[in-house]
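Reviewing the structure listed below.
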Amino acid sequence: MKKLPVSLAIGVMAISPFSMAKTVNAVASFTVLADIVKQVGGDQVKVKSLVGPDGDPHTFEPTPQDSLALSKADVVFVSGLGLEGWMDRLVTASGYKGQPVVASRGVTTRSMEEEGKSITDPHAWNSMQNGVIYATNVMNALIKADPDDAAAIRQRGENYIQQLKKLDSWAKKAFQAIPLEKRKVLTSHDAFGYFGQRYDVDFLAPVGFSTEAEASASDVGSLIDQLKQQHINSYFIENQTDPRLVKQIASATGAQPGGELYPEALSAASGPAATYEAAFKHNVNAMLSSMR
């Protein structure tokens, strides 16, 4: 077998598909979305999450390093629906020339009245049915950013979407096995509306869609009365919020701690909710345990 001259061998290596594979430099607004991008993109993507593990996307304050990351990004992903109120300022400051990809595009939104205004609920990903929409939008955006690797991205994306669909079906069946009157959960703020709508679970919280909102004394009093009337016996804290108010309410009602939920921030890599799928499974299992 003849050996290629060194110069020719180097040239062949330089033009091989493997060596030319592009790595998409992506930025995502928060950890849940960053993980979806990572799962769909695989080796074809390098993703940075602006809000870190256990971080609150409502109260996040961007840094100059975040602006620099956007300026170097090939594609930027946001959840949208009003979650990232700080993103427009960051895009302008960074000089990023593209248009951020809104991962929630196509979701049927829900809203509530807060202080006389109709507010859109931004927490769409907590329904795994909507997670499929997020993953599909991410897949299409990554293919557009890296058409040479379209086949690999599409295969990985479609496999991931099938996994999310299985989780959605599992959750629906699991909650259907619980009597309706027991499907009630007390949490820190109203982050599980889409989850409740999809899986027929009733959530109560002292604070609305944003963790920046404050509960009035009358609202807290009404919630305590409601919890007593409906015999809700357990409560959950959230990993990204201050637990003191929900613990105060629980103390007044006799509710017992049911554990920690991860509605809008993943845990650190060593924690129980290091990926979107793991967080969803953890949340479902924690709620089911309290209901049983």
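The values are calculated or read from the model by the stated rules, or taken from the named source; none is laboratory data. Bear in mind the structure is a predicted one, so any value in this text is a computation, not a measurement. For neighbour counting, all protein chains shown are included, and Cβ atoms are generated from backbone atoms with ideal geometry for every residue, glycine included.
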>> For segment 182-202, give me each residue that is free of Cβ contacts under 8 Å to residues at least 24 places away in the same chain and not small (Gly, Ala, Ser).
In response: ASP202
> Of (1) surrounded by fewer than 20 Cβ atoms within 10 Å (Cβ to Cβ); (2) over 30 Å from VAL284 (Cα atoms); (3) modelled with pLDDT of 95 or more, LEU167 satisfies all except one. Which?
Replying inline: (2)
> Looking at segment 87-105, which of the residues that are small (Gly, Ala, Ser) and assigned to a helix (DSSP H, G or I) is nearest to PRO147 (Cα to Cα)?
Replying inline: SER94
> Has segment 62-81 got any residue that is of a type in the set (Gly, Ala, Ser) and at pLDDT below 95?
Replying inline: no
> Which fully enclosed helices (runs of 4 or more DSSP H) of segment 15-86 have 1 or more residues being of a type in the set (Val, Ile, Thr)?
Replying inline: 31-41
